[in-house]
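Notes follow the structure.
The values are calculated or read from the model by the stated rules, or taken from the named source; none is laboratory data. Predicted, not measured: the structure shown is a model, and the values here were computed from it. Here the Cβ is made from the backbone with ideal geometry for all residues, glycine too, and neighbour counts use every protein chain on show.
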Amino acid sequence: MDILALLLMGLVFVASLVIQGGLQATFARFSRVANSRGLTGAEVARAILDAHGLTHVRVEPVPGALTDHYDPHAKAVRLSEPNYASPSLAALAVAAHEVGHAVQDAHGYTWLRVRASLWPAASLGTNLGPILVVGGLMLGAIGLAKLGLYLYLAVALFQLVTLPVEFDASRRALEFLRRMGFLSREEMAPAQKVLTWAALTYVAALASSLATILYYASLLMGRREE
Ligand SMILES: [Zn+2]
């Protein structure tokens, strides 16, 4: 059982690397292709927000690569500096995706709210879960290790709820880009590719957590039999 779980962890790890590589390659490829209208990520984000009455949501540049996110507390769409200023197809796809989260927030999208309510437990699990499980197993404190495993489960649940949130933001993004005429029919496919690879990284994160939980659970079950 331990060996099987370890093997599964290895497989998921390799699959995660492949997905990371796929995202980086696809992103790099379409970062070099400008959209036919020459609009930047920031301009498109601003236009979509305004079209949805979200004039109070700010669009700001943030340092780093692929650091793009929506901050629901600050009501700000933050685009990584390259995406903020770039007119590339990849930049537009990412900018529209982050605006998708802002629109979800404005509409009180259910899964976004569920995800936010799970955040404290997931945050605790990310920080404390590994310490409790590994420490508990090393010290033979099975109760402690079990508690750590529950925290890991909270992280996995958070990652599971993240999937509909991310898929929905990408679905909205493609709809904005198409309906508002920012991308031509030929330019839609590359944007969809970028967002699909990005979505797969969230699936990989969940699979990685589940494999880790399975591995630790098998170790714990082994301990109980001794
Ligand atoms: Zn997202």
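Below are the figures for this structure:
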read-out	value
Hey, LEU17 part of a loop (DSSP other than H, G, I, E, B) and surrounded by fewer than 18 Cβ atoms within 10 Å (Cβ to Cβ) or not	no
Out of ALA65, ALA42, ALA91, sole residue that is surrounded by 14 or more Cβ atoms within 10 Å (Cβ to Cβ), within 16 Å of the ligand (Cβ to nearest atom), at negative phi and of a type outside the set (Ser, Thr, Tyr)	ALA91
Matching entry among GLU187, GLU166 (being buried (at least 17 other Cβ atoms within 10 Å of the Cβ) and within 16 Å of the ligand (Cβ to nearest atom))	GLU166
Any hit, the range 134-145, residues being modelled with pLDDT of 95 or more, away from the ligand (no atom under 16 Å from the Cβ) and assigned to a helix (DSSP H, G or I)	no
Unique match (being at pLDDT 95 or above, out of contact with any Asp or Glu (no Cβ under 8 Å at 6 or more places or on another chain) and either closer than 26 Å to PRO130 by Cβ or not acidic (Asp, Glu) (or both)) among LEU220, LEU151, LEU183	LEU183
Sole exception among (1) of a type in the set (Phe, Trp, Tyr); (2) in contact with a Lys or Arg (Cβ under 9 Å, 6 or more places away or on another chain); (3) under 21 Å from VAL12 (Cβ atoms) for TRP197, by number	(2)
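Results for (1) in contact with a helix residue (DSSP H, G or I) (Cβ under 7 Å, 6 or more places away or on another chain); (2) among the small types (Gly, Ala, Ser); (3) in contact (Cβ under 8 Å) with a residue 60 or more places away in the chain; (4) outside any helix (DSSP H, G or I), shown as yes or no for each residue.
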{"site": "PRO61", "(1), (2), (3), (4)": "yes, no, no, yes"}
{"site": "HIS73", "(1), (2), (3), (4)": "no, no, no, yes"}
{"site": "ALA96", "(1), (2), (3), (4)": "yes, yes, yes, no"}
{"site": "ALA102", "(1), (2), (3), (4)": "yes, yes, no, no"}
{"site": "LEU149", "(1), (2), (3), (4)": "yes, no, yes, no"}
